[in-house]
1. I'd like the residue in the range 9-40 that is polar (S, T, N, Q) and modelled with pLDDT under 80 and, out of all such residues, is surrounded by the most Cβ atoms within 10 Å (Cβ to Cβ).
2. Can you pull out the residues in the range 93-120 that are touching a residue at least 24 places away in the same chain (Cβ under 8 Å), in a loop (DSSP other than H, G, I, E, B) and not aliphatic (A, V, I, L, M)?
3. For the range 120-137, name all the residues that are under 23 Å from Glu32 (Cβ atoms) and in contact with a strand residue (DSSP E or B) (Cβ under 9 Å, 6 or more places away or on another chain).
4. Look at Val146 and say whether it is among the hydrophobic types (A, V, I, L, M, F, W, C) and at pLDDT below 95.
5. Checking Leu160 against (1) in contact with a helix residue (DSSP H, G or I) (Cβ under 6 Å, 6 or more places away or on another chain); (2) open to solvent by 10 Å² or more (accessible area, probe 1.4 Å); (3) at pLDDT below 95; (4) not in a loop (DSSP other than H, G, I, E, B), which single condition isn't satisfied?
Amino acid sequence: MTDGTGGTGSGGDNQPSRQRRRFPGISSRAYEHPADRSALVALRKLSGFDTVFKALSGLLPERSLRLLFLSDSVRVSDAQFAHLHTMLRDACYILDLEKVPPMYVTQDPKPNAMCIGLDEPIIVVTTGLVELLDEEEMRAVIGHEVGHALSGHSVYRTVLLFLTGLAVKIAWIPLGNVAVMAIVTALREWFRKSELSADRAGLLVGQDLRASMRGLMKIAGGNHLHEMNVDAFLEQAEEYEAGGDLRDSVLKILNVLPRSHPFTTVRAAELKKWAESRDHQRVMDGHYPRRDEDKDTSVTDSFRESASHYAESVRTSKDPLMKLVGDIAGGAGDLGGKLRDRFTGGTGSPDGSGGSAGPKDA
């Protein structure tokens, strides 16, 4: 492995370009988003999930998958895509992942990366992503995927990929499709949250927030950085969260349901929020949960932390639906009026009559 201090200088003298911190023995709990943990708990409690998961573990063609990448993609090594191999080893060193997972570059113009595998994780990046990102942006992406590996996300990601394909094949069987889609929907909900965790891992590896932001912007808008601005990009996330009425809130939910990833502007805003938090600063200062303490972790405490996060999210959210949920939880009066106003975007009249009077008789 590398010494974890970064890439080489531009002068070719093999000196690190900048110092970066390493996190010996770090637990994935240090960077996991509370919603990631709670969604995984909820997923495991889904009726029939354990049965399906155990059955699929023996059926999934993982060996075939590995052979496919070995035969039809380029395996990253000292001899092939050496700069990516250095970044991969560097990321594993910084997050203290002892076994470096195999990594492949596959021909696909669409920028993408994934970490899959049941027994052992495999990292796959597309040529579209390699060609799109610069060194520091790519370092954050590889750190993101190593974060998935450290958190054990690859197992559930593999099941999701298999079930998504299965749902298409059995769509003509009404009851069978409903059962599979229930688990697929729950897996997608968890995976969207797990992406927020992995983004944090990418920041811990790259330790360059602007590079992480640039990478997300490029994934959204292509290689046109001279036409884009980080602050304006983050303003989009704020506008997306706060804009519209309850109808827009419902549409947001419907739009995100088929997706495996959160919207890019939302990811950028969430990552910036964490980067500026005390939790992130404590990790950077060396105060973080260790892997050898994981066995003593209370599931109840983890769920309580997740519930607290959701409550805080509802309280501070600018989304009309979340604000209404907060009002209901707080026992606010005139719920009928609030519901009507949120759906119509109106403010209601001061006397509570709900707006202007109807047309008068001639």
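1. Going through the qualifying residues, I end up with Ser38.
2. We begin by selecting, within the range 93-120, every residue touching a residue at least 24 places away in the same chain (Cβ under 8 Å); these are 93-97, 100-107, 111, 113-119.
From the residues that got through so far, the ones that are in a loop (DSSP other than H, G, I, E, B) too are 95-97, 100-102, 107, 111, 117-119.
Passing the criteria: Asp96, Pro101, Pro102, Gln107, Pro111, Gly117, Asp119.
3. Pro121, Ile122, Ile123, Val124, Val125
4. Details: among the hydrophobic types (A, V, I, L, M, F, W, C): yes; at pLDDT below 95: no.
Against the criterion (among the hydrophobic types (A, V, I, L, M, F, W, C) and at pLDDT below 95), Val146 does not qualify.
5. Every condition holds for Leu160 apart from (2).
Conditions (1) open to solvent by 20 Å² or more (accessible area, probe 1.4 Å); (2) modelled with pLDDT under 75, marked per residue:
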residue: Gly7; (1), (2): no, yes
residue: Gly48; (1), (2): yes, yes
residue: Leu56; (1), (2): no, yes
residue: Gln80; (1), (2): yes, no
residue: Ala91; (1), (2): no, no
residue: Leu97; (1), (2): yes, no
residue: Pro101; (1), (2): no, no
residue: Lys110; (1), (2): yes, no
residue: Met114; (1), (2): yes, no
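The values are calculated or read from the model by the stated rules, or taken from the named source; none is laboratory data. Just so we're clear, the structure is a prediction, and the values are computed from it rather than from any experiment. Positions of Cβ are generated from backbone atoms using ideal geometry, with glycine treated the same way; all protein chains shown enter the neighbour counts. Note: accessible area is taken over every heavy atom of the protein model, side chains too, but ligands, DNA and RNA are not part of it. Shrake-Rupley method; radii C 1.70, N 1.55, O 1.52, S 1.80 Å.
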